[in-house]
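Notes follow once the structure below has been shown.
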Amino acid sequence: MKTNQEYKNAALAVLKGNWAPAVVCTIVMMVISVGISLLSSSSALVTDPTSTLALVISMSVLLLSFFFLLPLGFGYYQSFKLLCEEGDNRLTANMFRQAFGIYGRNLAAGLLMILYVFLWTLLFIIPGLIKSFAYAM
């Protein structure tokens, strides 16, 4: 079994010469995530939280995050996996290709993960937290 230092050295070796694409890919992912988060906070600006507008904004953000951010997160992780395994440093392009090239599989995997964490959480909160970390790995 590898130690933390060995994993760190392997990651630094892969990123050597590839820092710029990694930073750009991370910034793109962060900007998209923050943009969607700002949309969700805009529903809080509606003075009457029971209004139809607040409900429409909240549901839109929920659907947008499920149908867009969830696959994009999988694509983000897969692009770095491709960098480690194959040395392909086109991280931003790979992020979108991996996210939406196998869109159905990414959506199904995300839905199953959410369902399983929800079911584990019904047992008690602690098993749900443990499984959410396990599935994240």
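The values are calculated or read from the model by the stated rules, or taken from the named source; none is laboratory data. As the structure is a prediction and not an experimental result, all values here were calculated from the model. Positions of Cβ are backbone-derived with ideal geometry, glycine not excepted, and every protein chain shown enters the neighbour counts. Surface areas here come from the heavy atoms of the whole protein model, side chains and all, with no ligands, DNA or RNA. Shrake-Rupley method; radii C 1.70, N 1.55, O 1.52, S 1.80 Å.
Can you tell me how many residues within region 72-92 are part of a helix (DSSP H, G or I) and more than 16 Å from the chain's Cα centre (by Cα)? Reasoning before the result, please.
Applying the first criterion (part of a helix (DSSP H, G or I)) to region 72-92 yields 72-86, 91-92.
From what's left, more than 16 Å from the chain's Cα centre (by Cα): 82-86.
Qualifying residue count, region 72-92: 5.
Name the residue, out of 63, 69, that is surrounded by 12 or more Cβ atoms within 10 Å (Cβ to Cβ), of a type in the set (A, V, I, L, M) and either assigned to a helix (DSSP H, G or I) or more than 15 Å from the chain's Cα centre (by Cα) (or both). Working first, answer last.
Working: 63 fails: surrounded by 12 or more Cβ atoms within 10 Å (Cβ to Cβ).
None of the others qualify; the one that does is 69.
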Is it fair to say residue 9 is loosely packed, with under 11 Cβ neighbours inside 10 Å and at pLDDT 90 or above?
-> no
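For residue 55, state whether it is surrounded by 14 or more Cβ atoms within 10 Å (Cβ to Cβ) and in a helix (DSSP H, G or I). Break it down stepwise before answering.
Working: surrounded by 14 or more Cβ atoms within 10 Å (Cβ to Cβ): no; in a helix (DSSP H, G or I): yes.
No.
Would you mention how many residues in region 81-113 are basic (Lys, Arg), within 17 Å of residue 66 (Cα to Cα) and touching a residue at least 60 places away in the same chain (Cβ under 8 Å)?
Just the residues of region 81-113 that are basic (Lys, Arg), to begin with: 81, 90, 97, 105.
Checking which are within 17 Å of residue 66 (Cα to Cα) leaves us with 105.
So of that shortlist, the ones also touching a residue at least 60 places away in the same chain (Cβ under 8 Å) come out as none.
Final tally of qualifying residues: 0.
Can residue 82 be described as at pLDDT 90 or above, surrounded by 13 or more Cβ atoms within 10 Å (Cβ to Cβ) and of a type in the set (A, V, I, L, M)?
Details: at pLDDT 90 or above: yes; surrounded by 13 or more Cβ atoms within 10 Å (Cβ to Cβ): yes; of a type in the set (A, V, I, L, M): yes.
Here the answer is yes, as residue 82 does meet what is asked.
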Would a scan of region 18-41 turn up a residue that is assigned to a helix (DSSP H, G or I), open to solvent by 80 Å² or more (accessible area, probe 1.4 Å), in contact with a helix residue (DSSP H, G or I) (Cβ under 9 Å, 6 or more places away or on another chain) and aromatic (Phe, Trp, Tyr)?
-> no
Scan region 113-133 residue by residue and report those that are surrounded by 11 or more Cβ atoms within 10 Å (Cβ to Cβ) and over 15 Å from the mean Cα position of the chain (by Cα).
-> 116, 117, 118, 119, 120, 121, 127, 128, 129, 130, 131
